[in-house]
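Please read the structure below before turning to the comments.
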Ligand code: EPS
């Protein structure tokens, strides 16, 4: 079982993640993991915090001479901004006289749409900062570090993960525009908004400029695509083993995600079955895969991978901090007051896409270990080779149809 826990506040010393259950013998490319962290920081529409941070994971445990040992991998990501927040975020009972940073007033005007109000009531906090420091999307840096490990495990067995942004606010790729894995890799990875259509991206960028000028924020949609996965991850036999459900939970847990789709997703409800389901055709040659001319199912049928690309869509709401604040109340007096303003982003959909890659990879790596379990990468490879040979043998027996 692959599992992970994160800890850390947005302006505390840093973020910690412990990833437990990785097999031994997985080579760790820390530069590539850090490149993923760098991608999460990017995207047009990000705020000033990202100019301060330069996220890098420091390996604390579980790796020796560049390979995992099988023990838990602990990673640390320092918050560079911590030096400016030591007075506000110090952990001792007394305020140290010599601590640097400003004395910040308590936050008492919850932002509609953020965890502020529900969190303050649930945990009985007078200062909403106790909520927002942990509810901040800064925590997703730790998830991306964990996801970087999962991505490297998937790559070690021949799979690969990418993503692209398909909509910012109402500006979207046409619904029938299928973006292939190769296209997303080639056109979206380094684009300002990570959109495959440059003309649409220019309009999206202008839309973000407009929202910023208006003191407003924007959401959007991203899609994660995973190619090269083996058949049979997940299971239909029990509700909590269905991989589509597990992926949905993981992507929905990303801050500000309000909807998740697999393949066609919500659009499946509006079309007849003949235009939703993917036909099954004989293999082109003995021993090769059955042919699926379309992949509207997003690589999952019955909650099980079918060998096609897994495609998971996340719909993100606009960020809750508005520079033109919405109406709220002062929690100390209950008088009407504009919501608090924290430094924030105008649009973080490209960053959410990278977090989406991480969360999807973590779920798929867990499902991979479940199916091909092995304490070392060598054993996993052996189990996968044997299973692939059994599937190929079946397909060799399949009759060839003209
Ligand atoms: C973020 C860091 C945060 C925010 C943002 C995401 O840093 P700060 O609070 O210092 O500006 O920029 O978080 C939110 C917008 C939010 O509402 O939680 C990050 O590292 O991604």
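Of note:
- Qualifying residue in region 100-107 (condition: farther than 28 Å from residue 193 by Cβ and touching a residue at least 40 places away in the same chain (Cβ under 8 Å)): yes
- Scope region 341-356; condition over 19 Å from residue 142 (Cα atoms) and buried (at least 21 other Cβ atoms within 10 Å of the Cβ); matching residues: 346, 347
Yes/no matrix, rows are residues, columns are (1) over 27 Å from residue 345 (Cα atoms); (2) modelled with pLDDT under 95:
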site: 254; (1), (2): no, no
site: 284; (1), (2): yes, yes
site: 297; (1), (2): yes, no
site: 301; (1), (2): yes, no
site: 305; (1), (2): yes, no
site: 317; (1), (2): no, no
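To keep it simple, each residue is scored yes or no on (1) closer than 24 Å to residue 258 by Cα; (2) in a loop (DSSP other than H, G, I, E, B).
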| residue | (1), (2) |
| --- | --- |
| 166 | yes, no |
| 176 | yes, yes |
| 187 | no, no |
| 194 | yes, yes |
| 200 | yes, no |
| 207 | yes, no |
| 212 | yes, no |
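- Tally, over region 190-202, of residues that are surrounded by 13 or more Cβ atoms within 10 Å (Cβ to Cβ) and either in contact with a strand residue (DSSP E or B) (Cβ under 7 Å, 6 or more places away or on another chain) or at pLDDT 95 or above (or both): 8
- Residue that is farthest from residue 353 (Cα to Cα) [pool: residues in region 125-144 that are more than 10 Å from the ligand (Cβ to nearest atom), touching a residue at least 60 places away in the same chain (Cβ under 8 Å) and not in a helix (DSSP H, G or I)]: 126
- Taking the criterion of being within 10 Å of the ligand (Cβ to nearest atom) and at pLDDT 95 or above, the only residue of region 47-66 that qualifies is 55.
- Checked against (1) closer than 22 Å to residue 303 by Cβ; (2) within 19 Å of the chain's Cα centre (by Cα), residue 165 passes all but condition (1).
- Those residues of region 86-112 which are out of contact with any helix residue (DSSP H, G or I) (no Cβ under 8 Å at 6 or more places or on another chain), more than 26 Å from residue 327 (Cα to Cα) and within 16 Å of the ligand (Cβ to nearest atom), in sequence order: 86, 87
- Scanning region 307-365 for residues that are in a loop (DSSP other than H, G, I, E, B), in contact with a strand residue (DSSP E or B) (Cβ under 7 Å, 6 or more places away or on another chain) and closer than 24 Å to residue 294 by Cα turns up just one, 309.
- Hits in region 246-261 - residues which are away from the ligand (no atom under 16 Å from the Cβ) and either part of a loop (DSSP other than H, G, I, E, B) or touching a strand residue (DSSP E or B) at 6+ places or on another chain (Cβ under 7 Å) (or both): 247, 248, 251, 252, 259, 260, 261
- In region 33-45, the residues that are at negative phi and in contact with a helix residue (DSSP H, G or I) (Cβ under 7 Å, 6 or more places away or on another chain): 33, 36, 37, 39, 40, 41, 42, 44
- Odd one out for residue 218 among (1) surrounded by 18 or more Cβ atoms within 10 Å (Cβ to Cβ); (2) free of Cβ contacts under 8 Å to residues at least 60 places away in the same chain; (3) part of a loop (DSSP other than H, G, I, E, B): (2)
- When residue 158 is tested against (1) out of contact with any helix residue (DSSP H, G or I) (no Cβ under 6 Å at 6 or more places or on another chain); (2) not in a loop (DSSP other than H, G, I, E, B), only condition (2) is not met.
- Leading residue by the ranking (surrounded by the fewest Cβ atoms within 10 Å (Cβ to Cβ)) among those in region 67-100 that are at pLDDT 95 or above and assigned to a loop (DSSP other than H, G, I, E, B): 71
- Residue match in region 24-38 (condition: farther than 22 Å from residue 91 by Cα, touching a residue at least 60 places away in the same chain (Cβ under 8 Å) and within 13 Å of the ligand (Cβ to nearest atom)): yes
- Residues located in region 113-124, provided they are buried (at least 17 other Cβ atoms within 10 Å of the Cβ) and either away from the ligand (no atom under 14 Å from the Cβ) or in a helix (DSSP H, G or I) (or both): 116, 117, 119, 120
- All told, residue 336 meets the bar of being under 30 Å from residue 125 (Cα atoms) and either modelled with pLDDT under 95 or more than 16 Å from the ligand (Cβ to nearest atom) (or both).
The values are calculated or read from the model by the stated rules, or taken from the named source; none is laboratory data. All values derive from a computational prediction rather than experimental measurement. Positions of Cβ are generated from backbone atoms using ideal geometry, with glycine treated the same way; all protein chains shown enter the neighbour counts.
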